[in-house]
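This report refers to the structure that appears directly beneath it.
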Amino acid sequence: PYADITPDVINSPEHQQLARETARDAMVLLRNEDETLPLDAAALDDVALIGPLVDTLYEDWYSGTMPYKVTPLDGLTERLGADAVNATEGVDRIALRDVASGEYVTAARGEDGGAVALGGATAGPEQSFDVFDWGEGIVTLRAVANERYLSFGGDRNLVNNAVQPNGWFVQQQLKLVERDDGDYIIEYAGNEVDDSWFGNQKYVAVAEDGRLRITATTPEEASEFALETLSSGVDQAVEAATEADVAIVVVGSMPFINGREDDDRTDINLAPGQAELVRAVQAANPNTVMVLETSYPDTITWENEHVPAILWTTHAGQETGNALADVLFGDANPAGRVTQTWYASEDQLPGTLDYDIIKAGWTYMYFDGEPLYPFGHGLSY
């Protein structure tokens, strides 16, 4: 009976509508103090849309490839108009100056990027990088020169060629490690295709030709860089939120870094930089809505006590932005429920190797503490 179905149906209007409905129906309203949601679109002249996930969508592990992307910014702009939405990612923009030579780390232009090397006497666009915090000390650095992320490249060079963190080995993971003298070294935190030649070379050193290469085996052998903050993401977020009618903060995880097979989380908290962003925005504008887009539960205990409204979604595909607008503005009544116990603290969890779920008190069946959100939790309008 299905033999007449051809590839022409792929990404049809019906499929797009189904993607929107699926993303919308899966969203969970975790908190809604004083009926903050739904928002009244007609009463909003200035909406601050803030956070590292406002203008991007991530594909989760084993998901299909999105044929198009409606980001939260796209969805809210479509709903309210461009003039009403003031968006900022809320991330720091930095420059790195090599201590030994005084020259700045410089990225190549063009979509394909190139090897990152020293070569700038001042911090212009080619010497500027946006820092995205994913927790556990791991960051990704996006080159302003071409909007591509730094990645482990050929001959162990750092190259600015990745559209997003990607691949099984996720070679865009870095750590900016502060030294006792206040300078920084760059540690590569991803994996290599062939561990047999990986050795202990995981720190960046400046080569004779000025290129940044992952060749140092110890922090002492790594090149040191002065980190200059060109603009503060928190300051930009506070500025946008202060005068807004409502501030919507979109934070969460990057599935290829935070929620992947073969890489366990070492804590269950929101990334520190993102948590700081939420707190700063809420302090600047009490009328704040937090949208949490993750692959798993987080211990957002502070946020649950201070942020009036919290909406959770997975990485829900190409229609996420439209679905988000549908729920935020009351076109749809949130109906999702959490499918796991959300713990209030890591202290509520037993050891990770204790598999006796009854004795250890794992899961909604045997946990006898007070969870942040119990299995099946979900509010509605």
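Residue by residue, here is whether (1) in a helix (DSSP H, G or I); (2) open to solvent by 40 Å² or more (accessible area, probe 1.4 Å) holds:
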site: Ala48; (1), (2): no, no
site: Pro52; (1), (2): no, no
site: Leu57; (1), (2): no, no
site: Ser63; (1), (2): no, yes
site: Lys69; (1), (2): no, yes
site: Leu76; (1), (2): yes, no
site: Ala87; (1), (2): no, yes
site: Val91; (1), (2): no, no
site: Leu96; (1), (2): no, no
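Can you name every residue in the range 360-380 that is of a type outside the set (Phe, Trp, Tyr) and in contact (Cβ under 8 Å) with a residue 12 or more places away in the chain? Explain how you work it out, then say what you get.
Going residue by residue through the range 360-380, those that are of a type outside the set (Phe, Trp, Tyr) are 360-361, 363, 365, 368-372, 374, 376-380.
Of everything in the range 360-380, those that are of a type outside the set (Phe, Trp, Tyr) and in contact (Cβ under 8 Å) with a residue 12 or more places away in the chain turn out to be Thr363, Gly369, Glu370, Pro371, Leu372, Pro374, Gly376, His377, Gly378, Leu379, Ser380.
So which residues in the range 346-377 are of a type in the set (Ser, Thr, Tyr) and farther than 22 Å from Asp263 by Cα, if there are any at all?
Initial filter on the range 346-377 (of a type in the set (Ser, Thr, Tyr)): 352, 355, 363-364, 366, 373.
Hits for the range 346-377 are Tyr364, Tyr366, Tyr373.
In the range 341-358, what count of residues is obtained for those that are touching a residue at least 40 places away in the same chain (Cβ under 8 Å) and either farther than 18 Å from Gly376 by Cβ or out of contact with any helix residue (DSSP H, G or I) (no Cβ under 8 Å at 6 or more places or on another chain) (or both)?
Kept after step one, since they are touching a residue at least 40 places away in the same chain (Cβ under 8 Å), are these residues of the range 341-358: 341-346, 349, 352.
Among the residues that remain, those that are also either farther than 18 Å from Gly376 by Cβ or out of contact with any helix residue (DSSP H, G or I) (no Cβ under 8 Å at 6 or more places or on another chain) (or both) are: 342-343, 345-346, 349, 352.
Final tally of qualifying residues: 6.
State which residue is surrounded by the fewest Cβ atoms within 10 Å (Cβ to Cβ) when the search covers only the range 278-306 and only residues that are β-branched (Val, Ile, Thr) and closer than 21 Å to Ala26 by Cβ.
Pass one, the range 278-306, residues β-branched (Val, Ile, Thr): 278, 281, 288-289, 291, 294, 299-301.
With closer than 21 Å to Ala26 by Cβ added as a condition, the list becomes 289, 291, 294, 300.
Details: Val289: 23, Val291: 24, Thr294: 20, Ile300: 26.
Filtering the range 278-306 for residues that are β-branched (Val, Ile, Thr) and closer than 21 Å to Ala26 by Cβ, the one surrounded by the fewest Cβ atoms within 10 Å (Cβ to Cβ) comes out as Thr294.
In this structure, is Asp194 modelled with pLDDT under 95 and within 23 Å of Tyr104 (Cβ to Cβ)? Spell out how you get there, then give the answer.
On the way: modelled with pLDDT under 95: yes; within 23 Å of Tyr104 (Cβ to Cβ): no.
Considered against the rule, which asks whether it is modelled with pLDDT under 95 and within 23 Å of Tyr104 (Cβ to Cβ), Asp194 comes out as no.
Is at least one residue of the range 155-162 in contact with a helix residue (DSSP H, G or I) (Cβ under 8 Å, 6 or more places away or on another chain), modelled with pLDDT of 95 or more and β-branched (Val, Ile, Thr)?
Within the range 155-162, the first condition is being in contact with a helix residue (DSSP H, G or I) (Cβ under 8 Å, 6 or more places away or on another chain), and the residues that meet it are none.
Checked the range 155-162: no residue is in contact with a helix residue (DSSP H, G or I) (Cβ under 8 Å, 6 or more places away or on another chain), modelled with pLDDT of 95 or more and β-branched (Val, Ile, Thr).
Exactly one of (1) open to solvent by less than 30 Å² (accessible area, probe 1.4 Å); (2) farther than 23 Å from Ile268 by Cβ is unmet by Asp181. Its number?
(1)
Please work out which one of (1) open to solvent by less than 40 Å² (accessible area, probe 1.4 Å); (2) among the hydrophobic types (A, V, I, L, M, F, W, C); (3) within 30 Å of Trp312 (Cα to Cα) is the condition Val238 fails and give its number.
So Val238 meets the others, but not (1).
Contact list please: Cβ distance under 8 Å, first residue in the range 50-68 and more than 12 Å from Gly252 (Cα to Cα), second residue in a loop (DSSP other than H, G, I, E, B) and of a type in the set (Lys, Arg), pairs at least six apart or on different chains.
Trp61/Arg260
Identify all residues within the range 1-20 that are outside any loop (DSSP other than H, G, I, E, B) and free of Cβ contacts under 8 Å to residues at least 12 places away in the same chain; write none if there are none. Please lay out each step first, then the result.
As a first pass, look at the range 1-20 and keep what is outside any loop (DSSP other than H, G, I, E, B): 7-9, 13-20.
Listed by number, the residues that qualify are Pro7, Asp8, Val9, Pro13, Glu14, His15, Gln17, Leu18.
Give the residue that is farthest from Tyr296 (Cα to Cα), with candidates limited to residues of the range 330-373 that are open to solvent by less than 60 Å² (accessible area, probe 1.4 Å) and in contact with a strand residue (DSSP E or B) (Cβ under 8 Å, 6 or more places away or on another chain).
Pro334
Return yes or no: is Ser223 in contact (Cβ under 8 Å) with a residue 40 or more places away in the chain, within 25 Å of Val70 (Cα to Cα) and part of a loop (DSSP other than H, G, I, E, B)? Give the steps one after another, and end with the answer.
On the way: in contact (Cβ under 8 Å) with a residue 40 or more places away in the chain: yes; within 25 Å of Val70 (Cα to Cα): no; part of a loop (DSSP other than H, G, I, E, B): yes.
So Ser223 fails the test.
Could you run through the range 145-175 and say how many residues are surrounded by fewer than 18 Cβ atoms within 10 Å (Cβ to Cβ) and either part of a loop (DSSP other than H, G, I, E, B) or in contact with a Leu (Cβ under 8 Å, 6 or more places away or on another chain) (or both)? Give the steps one after another, and end with the answer.
Taking the range 145-175 and keeping what is surrounded by fewer than 18 Cβ atoms within 10 Å (Cβ to Cβ), we get 147, 154-155, 163-164, 166-169, 175.
This time we only want the ones that are either part of a loop (DSSP other than H, G, I, E, B) or in contact with a Leu (Cβ under 8 Å, 6 or more places away or on another chain) (or both), so: 147, 163-164, 166-169.
So the answer is 7.
Filter the range 276-326 down to residues that are assigned to a loop (DSSP other than H, G, I, E, B), hydrophobic (A, V, I, L, M, F, W, C) and either on the phi > 0 side of the Ramachandran plot or over 17 Å from the mean Cα position of the chain (by Cα) (or both), then give me how many there are. Step through it out loud before you land on a result.
Pass one, the range 276-326, residues assigned to a loop (DSSP other than H, G, I, E, B): 285-287, 294-300, 307-308, 314-319.
Add one more test, that the residue is hydrophobic (A, V, I, L, M, F, W, C), and what stays is 300, 307, 316.
Those left that are additionally either on the phi > 0 side of the Ramachandran plot or over 17 Å from the mean Cα position of the chain (by Cα) (or both): 307.
Qualifying residue count, the range 276-326: 1.
The values are calculated or read from the model by the stated rules, or taken from the named source; none is laboratory data. Note that the coordinates shown come from a computational prediction; the quantities given were computed from them, not determined experimentally. FYI the Cβ positions are ideal-geometry reconstructions off the backbone, even for glycines, and counts take in every protein chain you see. Calculation scope for accessible area: heavy atoms of the full protein, side chains included, ligands and nucleic acids excluded. Shrake-Rupley method; radii C 1.70, N 1.55, O 1.52, S 1.80 Å.
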